[in-house]
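The values are calculated or read from the model by the stated rules, or taken from the named source; none is laboratory data. This structure is a prediction, so every number in the text was calculated from the model and none was measured. So basically every Cβ, Gly included, is an ideal-geometry build from the backbone, and we count neighbours across all protein chains shown. Note: areas computed on protein heavy atoms with side chains; ligands, DNA, RNA excluded. Shrake-Rupley method; radii C 1.70, N 1.55, O 1.52, S 1.80 Å.
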Amino acid sequence: MADINASIAFDKTLWRQDIRGSLAHAAMLARVGLLTASEEQEIREGLNGIAEEIANDRFEFSQELEDIHMNIEARLSERIGEAGKRLHTARSRNDQVATDFRLWVRDAIDGISGQIAALMRSLATRARDHAADAMPGFTHLQVAQPVTFGHHLLAYVEMLSRDLGRLGDARARLNECPLGSAALAGTSFPIDRHFTAAQLGFDRPTANSLDSVSDRDFALEYLSALSLLGMHLSRLSEELVLWCSAPFGFIRLSDGFTTGSSIMPQKKNPDAAELVRAKVGRIAGDYMGLLMVMKGLPLAYAKDTQEDKEPVFDATEAATLSLAAMDGMIRDMVADTGRMRDLAGTGFATATDLADWLVRVPRLPFRTAHHVTGRLVGMAEAKGCDLSDLTLEEMQGVEPRIDRGIFDVLTVDSSLASRTSEGGTAPENVLRAAQLWLDRLGENRS
C-alpha cells in the first residue's frame, strides 16, 4: 500500500509550485484575518528556507509522508512550530495539487513556447538565406514541381506557429486558480479567492469547486498540443534523414549531430534526427495514457488522478529535448544547393508550367492543355530526354499552336519566378515571408 499510494518519487518535481501556492495562500489567510501578520511572516520565512534546502539538495523526502504537499508541510511545522500547522486552513490537498499542477503546466508552456519561437527563428533565418535556391518539390515523394529550399523550410515555420497558438490557447484556458475549492465543496472560512488567484498570476478563480479539484483538461489539452508539435518535429526529422542520405544528398550535418558505425567507418548516421522522429511516440502515448485515466472518473477527486503527473513530466522532457536538438540541427546543417538545383528539374518537374503556358498563350482549355502536356511528357520519356530537349517541330506535331515561347517556361528558374500567387514559392515571396517572420519573432536582420 505504501508503494502504490506514495507519489513523492515524482511529484517532488512540483516543489517550487507547491511553495509558491502556499506563500500565496498564507498571504490570503493573513489578509482575511485567519493568520496573524507574525504567523504569516513565520510561514513565509519557513517556506523560503525549505525552498533553499530543496534547491541545495539538503531536504530529506519521506515516502511515509506520501507526497510533496505533506513533505513540505511537515518540514514547515518542524521549522516554525504551531504557525506551520495553521497553513492548511481553508484548503485541501485536492485543490492544492490542482493548483500546483496548473502552475507547473503553465511554466512548462512558457518554456516550450520560447523554444518553439527560437526554432522558428532558426528556420526563418535559413529560409531567408535560401530564398532563391531551387529544390525539387514532392508529392507522394515523387518529384512534382520546383520549389525553393527557403519555401520548404517556411512550411515548418507555419506548422510551428500553429503549435505555438495551440499552446497559447491551452495556457489561457488553464489560467484559473482552483485554490480555495478545498476538498470538493468549497470552505466555510471567509477566504478571498480572487486575491489568491491574483497572487499566483491567474486571471480568476475557478467557478465550480467540484470541477476545480477533479479537472485535468488543462493537462490533456497541453499533451494534445505537444503531440501535434511532436508530429511536426517528426516530419521534419524524417526529411532531414532523407536529405542526408546518398540518394538525396541535399544537406550535410556535422559530427555534432551524427554518429558513426561500429563496423562501417564511412557511415555518418543522423541519429539526433532519428531520435526526434521517435519522440512523438512517447508524447502521444503519454496523452493517450492520461486520457484513459480520466475517461471514467465520477466527480469529484479520485486517487486515479495521481497518474496525471508522470505522463506530463515525461512528454515535457521529450518535447524540450526534441526542440533543442532540432534547433541545433537546423542551425548546423549545410545545404548542397547545387545538388538540389540539379534535381529540381528532373522528373518532368516543369510539366505544369507547360500546361499553364498552353492555357495562358494559345488559350487551350486546361483539360485539353493537361492532355497535350501528358502526350509531350510521354514523348520525352520515350526519347529519354527532358521536355526542354524536345524540338519545336516535335511539340507542334502534338499541338500546332505551340511556338518558341514555350521554351521560356521550361526552366527551373522561370518556373520558380512564375509562382507569385499569395503563399507561392517565387523567391521574392519567400524572402518577404522569411523577413516577415523574423520581424514578428523579434529578429530584424537584413
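Numbers for the structure displayed
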| read-out | value |
| --- | --- |
| Neighbours by Cβ (under 7 Å, 6+ apart or cross-chain): first from the range 424-446, acidic (Asp, Glu); second modelled with pLDDT under 95 and open to solvent by 40 Å² or more (accessible area, probe 1.4 Å) | none |
| Selected residue (only one of Ala246, Ala172, Ala185 is in the same structural domain as Asp304 (by the TED database), in contact with a Ser or Thr (Cβ under 9 Å, 6 or more places away or on another chain) and more than 23 Å from Ala318 (Cβ to Cβ)) | Ala185 |
| Flag if Ser188 is open to solvent by 10 Å² or more (accessible area, probe 1.4 Å) and over 30 Å from Leu275 (Cβ atoms) | yes |
| Selection from the range 201-237 of residues that are among the aliphatic types (A, V, I, L, M), over 22 Å from Ala117 (Cα atoms) and buried (at least 21 other Cβ atoms within 10 Å of the Cβ) | Val213 |
| Unmet requirement for Val213, which otherwise passes all of (1) β-branched (Val, Ile, Thr); (2) more than 25 Å from Ala335 (Cβ to Cβ); (3) at pLDDT below 95 | (3) |
| Filter result (open to solvent by 20 Å² or more (accessible area, probe 1.4 Å) and in contact with a helix residue (DSSP H, G or I) (Cβ under 6 Å, 6 or more places away or on another chain)) within the range 336-350 | Gly345, Phe348 |
| Test: residue in the range 301-319 that is surrounded by fewer than 18 Cβ atoms within 10 Å (Cβ to Cβ), of a type in the set (A, V, I, L, M) and under 24 Å from the mean Cα position of the chain (by Cα) | no |
| Qualifying position, being of a type in the set (A, V, I, L, M) and touching a residue at least 24 places away in the same chain (Cβ under 8 Å), among Leu141, Leu153 | Leu153 |
| Breaking point among (1) over 17 Å from His152 (Cβ atoms); (2) open to solvent by less than 10 Å² (accessible area, probe 1.4 Å), for Ser415 | (1) |
| Test: residue in the range 391-411 that is open to solvent by 70 Å² or more (accessible area, probe 1.4 Å), assigned by the TED database to the domain that holds Thr352, under 15 Å from Ala351 (Cα atoms) and touching a strand residue (DSSP E or B) at 6+ places or on another chain (Cβ under 9 Å) | no |
| Subset of the range 107-130 (residues that are touching a helix residue (DSSP H, G or I) at 6+ places or on another chain (Cβ under 6 Å) and open to solvent by 10 Å² or more (accessible area, probe 1.4 Å)) | Ala108, Ser113, Gln115, Ala118, Ser122, Arg126, Arg128, His130 |
| Pick from the range 283-296, criterion in contact (Cβ under 8 Å) with a residue 40 or more places away in the chain and open to solvent by 50 Å² or more (accessible area, probe 1.4 Å), ranking: farthest from the chain's Cα centre (by Cα) | Leu291 |
| Residues located in the range 357-377, provided they are open to solvent by 30 Å² or more (accessible area, probe 1.4 Å) and assigned to a loop (DSSP other than H, G, I, E, B) | Val361, Arg363, Pro365 |
| The range 297-312 residues that are in the same structural domain as Asp217 (by the TED database) and in contact (Cβ under 8 Å) with a residue 24 or more places away in the chain, paired with ones that are open to solvent by 50 Å² or more (accessible area, probe 1.4 Å) and not aliphatic (A, V, I, L, M) (beta carbon under 6 Å, 6 or more apart) | Leu297/Asp304 |
| Pick from the range 180-204, criterion under 29 Å from the mean Cα position of the chain (by Cα) and assigned to a loop (DSSP other than H, G, I, E, B), ranking: nearest to Ser92 (Cα to Cα) | Leu200 |
| Flag if Leu436 is crowded, with 20+ Cβ neighbours inside 10 Å and either modelled with pLDDT under 95 or not assigned by the TED database to the domain that holds Ser113 (or both) | no |
| Scan of the range 238-258 for residues that are surrounded by fewer than 18 Cβ atoms within 10 Å (Cβ to Cβ) and either among the acidic types (Asp, Glu) or over 26 Å from Thr337 (Cβ atoms) (or both), ordered by number | Glu238, Asp255 |
| Enumeration of residues in the range 78-94 that are farther than 18 Å from Pro178 by Cβ and open to solvent by 30 Å² or more (accessible area, probe 1.4 Å) | Glu78, Arg79, Ile80, Glu82, Lys85, Arg86 |
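For (1) touching a residue at least 60 places away in the same chain (Cβ under 8 Å); (2) in contact with a Cys (Cβ under 6 Å, 6 or more places away or on another chain); (3) surrounded by 14 or more Cβ atoms within 10 Å (Cβ to Cβ), each residue gets a yes or a no:
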position: Lys12; (1), (2), (3): no, no, yes
position: Asp18; (1), (2), (3): yes, no, yes
position: His25; (1), (2), (3): yes, no, yes
position: Ile43; (1), (2), (3): no, no, yes
position: Asp57; (1), (2), (3): no, no, no
